[in-house]
């Protein structure tokens with residue numbers, strides 16, 4: 001096999017054009033953009049011209065364009081159909097989260113790809129941010145102690161836009177929770193392990209579209225840690241600092257701006273080790289932390305390189321379908337909790 005994996009893109013507008021193509025596929029050392037397709041042919045032609053790719057006129061054309069992988073970046077209600085078609089054509093599939101509208105759809109995608117002998121990957125790129133990986137190593141090395149509590153927050157201003165699939169549950173599966181909250185919960189699961197059960201509130205606090213513009217989730221992890229995620233489509237961008245907080249029995253890791261589409265924010269660890277006694281005065285020493293500043297990594301480039309390298313090495317990618325399925329299961333539990341007002345187990 002060649003050392004370069006050939007990529008095709010379905011849904012070349014949106015996140016593909018803004019981020020994944022320019023920062024990921026075209027910059028990856030082991031990937032090459034071959035062809036793009038979008039239902040909006042004018043936009044698709046513009047993307048093809050900008051990034052020196054072929055503008056396919058249909059999904060079938062793209063699948064016959066000599067590619068190895070299909071990157072699916074369409075509205076969510078199209079993910080299942082396109083993943084199945086791609087797998088049956090013998091193409092590996094890299095799909096933006098969520099894998100489908102339901103757990104059942106995600107499982108059908110996984111089964112079809114397994115039967116076709118192709119890999120299915122999930123676009124949860126925030127896992128690859130260098131500071132998140134550095135924090136993960138500290139946690140795995142026991143530096144944080146027993147995990148106690150984690151919080152992740154991501155919000156933006158997303159006013160009503162005609163046709164926006166993230167504002168219509170029938171097209172996108174939900175609103176701020178499934179779009180941004182899923183990234184936050186996935187990160188906390190990367191750090192602390194799987195979520196056992198959830199309690200969730202959703203609301204339309206400002207915007208009146210069909211999907212929620214506000215979500216708050218309480219999480220209970222299998223290892224006994226707890227967590228929370230808050231995510232809103234109705235808070236101005238610069239007012240949301242994309243907070244990540246990780247607490248354990250030996251200290252904390254606190255970050256601003258690492259959660260999101262960028263490559264880095266600020267992250268500080270406050271780790272106290274094993275020799276702690278009870279301090280009745282509860283003195284706080286603010287200057288004892290150390291900055292976590294690894295070399296920044298573009299998460300879009302990293303996710304494309306990891307998936308491509310897994311194909312070249314014939315191994316399961318780190319950004320595989322199992323993390324996408326788990327995310328789908330947690331999202332399903334969250335929306336059920338919001339609907340019923342009850343704590344819901346993740347099944």
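Tabulated data for the structure shown
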| quantity | calculated |
| --- | --- |
| Subset of the stretch 291-309 (residues that are farther than 18 Å from residue 26 by Cα and crowded, with 19+ Cβ neighbours inside 10 Å) | 292 |
| Residue check, residue 242 more than 25 Å from residue 74 (Cβ to Cβ) and without any contact (Cβ under 8 Å) to a residue 12 or more places away in the chain | no |
| Some residue of the stretch 181-191 being on the phi < 0 side of the Ramachandran plot, more than 17 Å from the chain's Cα centre (by Cα) and modelled with pLDDT of 95 or more | no |
| Number of positions in the stretch 198-219 that are surrounded by fewer than 18 Cβ atoms within 10 Å (Cβ to Cβ) and closer than 21 Å to residue 100 by Cα | 1 |
| Boolean, residue 74 is in contact with a strand residue (DSSP E or B) (Cβ under 7 Å, 6 or more places away or on another chain), in contact (Cβ under 8 Å) with a residue 24 or more places away in the chain and farther than 12 Å from residue 7 by Cα | yes |
| Scan of the stretch 311-347 for residues that are outside any helix (DSSP H, G or I), more than 16 Å from residue 188 (Cβ to Cβ) and either touching a helix residue (DSSP H, G or I) at 6+ places or on another chain (Cβ under 9 Å) or at pLDDT below 95 (or both), ordered by number | 315, 316, 317, 318, 319, 320, 342, 343, 344, 345, 347 |
| Subset of the stretch 168-202 [free of Cβ contacts under 8 Å to residues at least 60 places away in the same chain and closer than 26 Å to residue 79 by Cα] | 168, 169, 175, 176, 179, 180, 188 |
| Test: residue 226 is in contact (Cβ under 8 Å) with a residue 60 or more places away in the chain, over 19 Å from the mean Cα position of the chain (by Cα) and more than 18 Å from residue 15 (Cα to Cα) | yes |
| So residue 251, is it surrounded by 19 or more Cβ atoms within 10 Å (Cβ to Cβ), touching a residue at least 40 places away in the same chain (Cβ under 8 Å) and at positive phi | yes |
| So residue 308, is it touching a strand residue (DSSP E or B) at 6+ places or on another chain (Cβ under 7 Å), at pLDDT 95 or above and not assigned by TED's automatic domain parsing to the domain that holds residue 218 | yes |
| Matching residues in the stretch 3-16 - criterion: being assigned to a helix (DSSP H, G or I) and either without any contact (Cβ under 8 Å) to a residue 60 or more places away in the chain or within 21 Å of residue 310 (Cβ to Cβ) (or both) | 16 |
| Single match in 35, 12, 56 (criterion: crowded, with 22+ Cβ neighbours inside 10 Å, over 25 Å from the mean Cα position of the chain (by Cα) and not assigned by TED's automatic domain parsing to the domain that holds residue 163) | 56 |
| Subset of the stretch 163-174 (residues that are in contact with a helix residue (DSSP H, G or I) (Cβ under 8 Å, 6 or more places away or on another chain) and assigned to a loop (DSSP other than H, G, I, E, B)) | 173, 174 |
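The values are calculated or read from the model by the stated rules, or taken from the named source; none is laboratory data. Remember, predicted model here, so these are calculated numbers, not experimental data. Backbone-built Cβ (ideal geometry, glycine too); neighbour counts: all protein chains shown.
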